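**Student:** Pasting in a structure now, in structure tokens, and then I'll have a few things to ask.
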Amino acid sequence: MRERWTTRVGLILALAGNAVGLGNFLRFPRQAAENGGGAFMIPYFVCLLAIGIPLLWLECGMGRYGGRRGHGHTAGMFHVIWRHPAAKYLGTLGIFIPFVVATYYVYVESWCLAYALFATTGRLAEVAEPGKIQAFLAGYQGLERNEHFEGIGVAYAVFVVTFLINLAVLRGGIARGIERLALTAMPLLFLVGICLTLRVLTLSPPAEAGPGHGVLDGLGFIWNPDPRALLDAGVWLAAAGQVLFTLSVGWGIVHTYASYMRPDDDVVLTGLSSASLNEFAEVILGGTIALTAAVVFFGVVGAKSIAAGGSFDLAFQSMPLVLFSLPAGGLFATLWFLLLFLAGLTSSVALLQPLVALLEESFSLTRDRAVGLAGAATFVGAQPVIFGLGYGWMDQLDFWVGSMALI
Ligand code: PFF
């Protein structure tokens, strides 16, 4: 007897947990700001309705069908759907891509956990100044030895802890592991996200700041429409890419989660509900927090250069600078990194589950063994990411697997 989601809410929150990830809070605001602001939302919603949601339904339907025939991974599912020798091999992409992404995703997730701890203990408050915060991150990542860190030891230890948390959830299985996590982590994530959004909307610019540093300037930076963007094919491509990324479609993961649905679980309603939760997290929370805060403190020009510096600079450097300049900054910084950590954790267990399902079903391993083996493989795969960060190993994987193989 295959495992099943025990409640409908659990299923919806698990699917939403998979979809709501670092992309909602870091990737989306950058894409919107760089691609026409408010006008970006027109191609974004067109792609959401025309490509994203239909694909989500399709993947849920295929997954539920495959699950009834005992398959929880795309290699098995594609084989029963399309009886062609190539089907199985095509389906292995739905296991391979999430596995490779997991080798670096869990590491980034562990930075969020570490920074939440640094924020709580006051360590981050000591380095929350321009200059220092950058050296702190580079020291933490082992890119340089400095007065903040002797080497990569702390980062490695937190990575191991994060990794073990992921394995503990997976060992619990679908209902007692992933579903239980979603039922607690997702409401907490929304609560934290709403608190941060309200705080950002009531920010006032630093005393020395000139004009152009208000909350409305921040919202305008992301949302003022530039209609020229509508004629730009690149913008449409960016919108389509963001939709696939944020809904986690095209990865094989929705198939896996849906394979644990009951035969009478509603594909349309489940898909729509989890997509709606994801869009709330993305457009309302993600579209307000990080970049608006950056504009209030650094102005539009500063925020632009921060956004161009990449998602990690925004998350691990600019946001702490902003949050620590507020009263109760430690609390808000803790909430920010907790938000990212919860978003990451509910996505990383999803990345690992297809491989676990393959090992359980196709190699008849017990769940513990399957989780152990999948964990060992991911752990080995993570080593070059951790030690080769300075050589761009993570960026290479993200490009070849996260972008090319995905397409
Ligand atoms: N949808 C996630 C995000 O927006 O961050 C990214 C992602 C996570 C995709 C997990 C796929 C996945 F399995």
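The values are calculated or read from the model by the stated rules, or taken from the named source; none is laboratory data. Quick caveat: nothing in here was measured; it's all calculated off a predicted structure. Positions of Cβ are generated from backbone atoms using ideal geometry, with glycine treated the same way; all protein chains shown enter the neighbour counts. With ligands, DNA and RNA removed, areas are computed over all heavy atoms of the protein, side chains included. Shrake-Rupley method; radii C 1.70, N 1.55, O 1.52, S 1.80 Å.
**Student:** Charges only on Cβ, +1 for Lys and Arg, -1 for Asp and Glu: so what's the dipole of the chain about the Cα centre, in debye to the nearest 20?
**Tutor:** Magnitude of the dipole: close to 1120 debye.
**Student:** Considering the convex hull of the alpha carbon atoms of region 8-70, report its projected area averaged over all viewing directions, in nm², one decimal.
**Tutor:** Convex hull of Cα atoms, orientation-averaged projection: 5.4 nm².
**Student:** Please grab the % of Cα pairs in region 169-218 that end up more than 12 Å from each other.
**Tutor:** 71
**Student:** Give me the distance in nm between label points sitting 7 Å out from Cα along the Cα-to-Cβ direction at residue 284 and residue 135, one decimal.
**Tutor:** That separation, rounded to one decimal, is 4.3 nm.
**Student:** Are there any chymotrypsin sites (Phe, Trp or Tyr not before Pro) in region 308-378 that are in a DSSP loop and have at most 11 other Cβ atoms within 10 Å? List them by number.
**Tutor:** Passing sites in region 308-378 are 363.
**Student:** How high is the FRET efficiency from residue 272 to residue 156, r the C-beta distance, R0 60 Å, rounded to 0.05?
**Tutor:** It comes out at approximately 0.90.
**Student:** Can you pull the one-decimal nm distance between simple spin-label points at residue 364 and residue 226, each 7 Å off the Cα toward Cβ?
**Tutor:** Taking the two extended label points, one gets 6.1 nm.
**Student:** Using r as the Cβ-Cβ distance of residue 8 and residue 81, and R0 as 30 Å, what FRET efficiency do you calculate, to the nearest 0.05?
**Tutor:** 0.75
**Student:** Same structure, new question: Measure nothing fancy, just the Cα-based angle from helix 53-68's long axis to the longest principal axis of the chain, in degrees from 0 to 90, nearest 10.
**Tutor:** 40
**Student:** Still on this model: For residue 45 and residue 168 in one chain, what is 0.36 nm times their gap in residues minus the Cα-Cα distance, to one decimal in nm?
**Tutor:** 40.6 nm
**Student:** In addition: Sort largest first and round to whole Å: the equivalent ellipsoid semi-axes of the chain, each the square root of five times a Cα gyration tensor eigenvalue.
**Tutor:** For the chain, the semi-axes come out at 35, 25, 19 Å.
**Student:** Right, another one. Can you give the Rg to Rh ratio for region 177-275, taking only C-alpha atoms and Rh from Kirkwood?
**Tutor:** That ratio is 1.10, to two decimals.
**Student:** Would you mind getting the accessible area per residue of region 198-324, heavy atoms of the protein chains only, 1.4 Å probe, in Å²?
**Tutor:** Here the residues of region 198-324 average 39 Å² of exposed surface.
**Student:** Probe radius 1.4 Å, ligands and nucleic acids left out: which of 364, 248 has the largest accessible area, and how do the rest follow?
**Tutor:** Largest to smallest exposure gives the sequence 364, 248.
**Student:** Taking only C-alpha pairs under 8 Å that are 6+ residues apart, what is the relative contact order of region 257-389 in percent?
**Tutor:** About 12 percent, as a whole number.
**Student:** Label points 7 Å out from Cα along the Cβ direction at residue 145 and residue 328: separation in nm?
**Tutor:** According to this spin-label approximation, the distance is 4.2 nm.
**Student:** At q = 0.21 Å⁻¹, what base-10 log of I(q)/I(0) does the Debye formula yield for region 249-391 when every alpha carbon is treated as an equal point scatterer in vacuo?
**Tutor:** -1.26
**Student:** What residue among 90, 321, 58 has the largest mean-square fluctuation in a Gaussian network model of the chain, using Cα springs under 10 Å?
**Tutor:** Among 90, 321, 58, the largest GNM mean-square fluctuation belongs to 90.
**Student:** Report, largest value first, the span of the C-alpha coordinates of region 84-126 along each principal axis, in whole Å.
**Tutor:** Between the extreme Cα coordinates on each principal axis of region 84-126 lie 60, 10, 8 Å.
**Student:** Over the alpha-carbon set of region 132-226, work out the extent along each principal axis and list the three values in angstrom, largest first.
**Tutor:** Principal-axis extents of region 132-226 (Cα, largest first): 53, 41, 27 Å.
**Student:** Right, something else. Whole number in Å², please: accessible area per residue of region 52-96, 1.4 Å probe, ligands, DNA and RNA not counted.
**Tutor:** 50
**Student:** When the convex hull of the C-alpha atoms of region 319-403 is computed, what volume per residue in Å³ does it have?
**Tutor:** Hull volume normalised by residue count: 133 Å³.
**Student:** Students often check this: by mean Cβ neighbours within 10 Å, which of 33-41, 71-79 ranks highest, and how do the rest follow?
**Tutor:** In descending order of packing, they fall as 71-79, 33-41.
**Student:** Further question: Got a number for the accessible area of residue 44? Probe 1.4 Å, square angstrom, nearest 10.
**Tutor:** The value for residue 44 is about 0 Å².
**Student:** Using just the helices of the chain, give the 222 nm mean residue ellipticity in deg cm²/dmol: DSSP H runs with n ≥ 4 each add -39,500 (n - 2.57), and the total is spread over all residues, rounded to 500.
**Tutor:** About -21000 deg cm²/dmol.
**Student:** For region 41-150, how big is the tail of P(r) above 23 Å, as a whole percent of Cα pairs?
**Tutor:** 58
**Student:** Pulled fully out, how much extra length does the chain show between residue 237 and residue 380, if you take 0.36 nm times their separation in residues and subtract their Cα-Cα distance?
**Tutor:** Result: 48.0 nm gained on full extension.
**Student:** Using only Cα atoms and rounding to the nearest 10 degrees, what angle (0 to 90) does helix 180-201 make with the longest principal axis of the chain?
**Tutor:** 20
**Student:** State the answer as a single residue: which of 96, 137, 159 lies farthest towards the positive end of the charge dipole of region 88-245, with beta carbon charges of +1 for Lys and Arg and -1 for Asp and Glu, about the Cα centre.
**Tutor:** Result: 96.
**Student:** Compare 184, 92, 103 in a GNM of the chain, Cα atoms joined below 10 Å, and give the one with the largest fluctuation.
**Tutor:** 184
**Student:** What order, most packed first, do the peptides 155-163, 167-175, 111-119, 11-19 have when packing is the mean number of other Cβ atoms within 10 Å of each residue?
**Tutor:** Going from most to least packed, we get 11-19, 111-119, 167-175, 155-163.
**Student:** How would 147, 179 rank on accessible area, largest to smallest, probe 1.4 Å?
**Tutor:** Order by accessible area, largest first: 147, 179.
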